[in-house]
1. Mind counting the residues in the stretch 167-196 that are hydrophobic (A, V, I, L, M, F, W, C) and in contact with a Leu (Cβ under 9 Å, 6 or more places away or on another chain)?
2. Out of everything in the stretch 243-266 that is in contact (Cβ under 8 Å) with a residue 12 or more places away in the chain and charged (D, E, K, R), what residue ends up being nearest to residue 290 (Cα to Cα)?
3. Please specify each residue of the stretch 160-184 satisfying the condition of being under 22 Å from residue 228 (Cα atoms) and not aliphatic (A, V, I, L, M).
4. Can you tell me how many residues within the stretch 19-51 are within 12 Å of the chain's Cα centre (by Cα) and within 22 Å of residue 152 (Cα to Cα)?
5. Which numbered condition trips up residue 141, out of (1) modelled with pLDDT of 90 or more; (2) within 23 Å of residue 30 (Cα to Cα); (3) open to solvent by less than 60 Å² (accessible area, probe 1.4 Å)?
6. Return the residues of the stretch 87-120 that are in a loop (DSSP other than H, G, I, E, B), open to solvent by 50 Å² or more (accessible area, probe 1.4 Å), touching a residue at least 24 places away in the same chain (Cβ under 8 Å) and over 16 Å from residue 163 (Cα atoms); say none if nothing qualifies.
7. In the stretch 206-240, which residues are part of a strand (DSSP E or B) and within 25 Å of residue 8 (Cβ to Cβ)?
8. Could you pull out the residue among 57, 102 that is within 25 Å of the chain's Cα centre (by Cα) and modelled with pLDDT under 95?
Amino acid sequence: MRYFFILGTNPALSVAELAAVTALDNWQLLADDFLVADSEREINPDNLIKRLGGMIKIGRIVSEIKKENGQELRDKVIETAQIKQAQGDAGKFNFGFSGYGKHDFNKKDLGIKLKNCFREKGISSRFVISREKTLSSVVVAQNKLLTRGIEIVLAADKEKIFIGETLAVQPFKDLSLRDYGRPARDDFSGMLPPKLAQIMINLAQTPENSVIIDPFCGSGTILSEAMLMGYKNLFGSDISPKAIDDTRKNISWVKELYKVNDVKLKLFVKNAVDLSKFIKGESIDAVVTEPYLGPQRGQINFNAVIRDLEELYSAAIKEFIKILKPKGRTIMVWPIFYGQRPMTPNYSGFKILNMVPADLRQSEFIKKNNRDTIIYGRPGQKVYREIVVLEKI
């Protein structure tokens, strides 16, 4: 089957994560946020999108038509919506359109024609529109386009127009709740977004019976997300007693909220440079962590901060080698300070993995990085996150 995926704000990170957890073929990136790929097996879009932090929508490709054939486009759109309406319950049928890529689809014209077709059949319908080019996940969910209607997605390459039906959207309410609703937050030190934690865990490509450690666990975001993703053997440590206390509070909150049981979690107030003193050698499958990123406010001596962080990270990475199993991975954030030189910790004993699918590495929509890592952040940020995937040699 052929599926489409609406990517998050960082296409490279989104496709890297998707490749890490799925077995897709014939990757085709039509825009910076629209990916088409084939799967031999039918996927469960609801389950998959809950696991993927870098995905906005998932759907199936219904038709592919020649780009210049406008009448066929209208016919296929009407046919797709009518089939979906016939499969649902009686009552008002909601529908909407999203166009991706450079092609300028006349969604208003399509919507009016489709509404007239429903009216002729005596079917009550509502055309859901938005000021934006595309319907957001919020608009799709709140207007029940997945349960009592349809979102038809249109995208084009040089020769064809792809017509798709959205099957699942990002669980924005849950992600927001876990980000802003958790009982213990440390806004002063900075918070790792839950969806980025999901992405980092997925990049480890390790099964759910694996042992994962976050040696800079902060308020426990990575551990909480790993627990929700089905991982049951977790370690967390931090040099700060407050951080460990915050982690306990947040883990307990997540367990109660999502009814999670049978998780083996051990927490330590320890320094990451002493990991091998309290973690058995070659017993860990993956290290997933965002370490201390340096001071975020005030006058900053960047040269001194970068040197100090390089020293800290190099010492921690030496410990990661000791506790990781052969071929074990470290997924780690390195800060990039705007206008400053990139960090270069010593990662001897590891190799950096390029997680972007080979088919897409030359795509115009994938930003290149000279050391095969991915930069995460929004324009205007003072500190960006460099997502580094290291594999033990």
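1. Of all residues in the stretch 167-196, those hydrophobic (A, V, I, L, M, F, W, C) come to 167-169, 172, 175, 177, 184, 188, 191-192, 196.
Next, only the ones that are in contact with a Leu (Cβ under 9 Å, 6 or more places away or on another chain) stay: 167-169, 177, 196.
The number of residues fulfilling the criteria is 5.
2. So the residue we want is 246.
3. 170, 171, 172, 173, 174, 176, 178, 179, 180, 181, 182, 183
4. Residues of the stretch 19-51 within 12 Å of the chain's Cα centre (by Cα): 19-21, 48-51.
Now drop any that are not within 22 Å of residue 152 (Cα to Cα), which leaves 48-50.
Summing the residues that are within 12 Å of the chain's Cα centre (by Cα) and within 22 Å of residue 152 (Cα to Cα) in the stretch 19-51 gives 3.
5. Failed condition: (2).
6. If we filter the stretch 87-120 for residues that are in a loop (DSSP other than H, G, I, E, B), which is where we start, we get 88-92, 101-106.
Adding the requirement that they be open to solvent by 50 Å² or more (accessible area, probe 1.4 Å) leaves 89-90, 92, 102-104, 106.
Then drop every residue that is not touching a residue at least 24 places away in the same chain (Cβ under 8 Å), which leaves 89, 92, 102-103.
If the condition is that a residue be in a loop (DSSP other than H, G, I, E, B), open to solvent by 50 Å² or more (accessible area, probe 1.4 Å), touching a residue at least 24 places away in the same chain (Cβ under 8 Å) and over 16 Å from residue 163 (Cα atoms), then 89, 92 are the ones that fit.
7. Passing the criteria: 212, 214.
8. Values: 57 fails: modelled with pLDDT under 95.
Exactly one residue qualifies, and that residue is 102.
The values are calculated or read from the model by the stated rules, or taken from the named source; none is laboratory data. Every value quoted in this text rests on a predicted model; they were computed, and no experiment measured them. Neighbour counts are summed over all protein chains in view; Cβ atoms, including those assigned to glycine, are modelled from backbone coordinates with ideal geometry. Heads up: the accessible areas ignore ligands, DNA and RNA and are worked out on the full protein's heavy atoms, side chains in. Shrake-Rupley method; radii C 1.70, N 1.55, O 1.52, S 1.80 Å.
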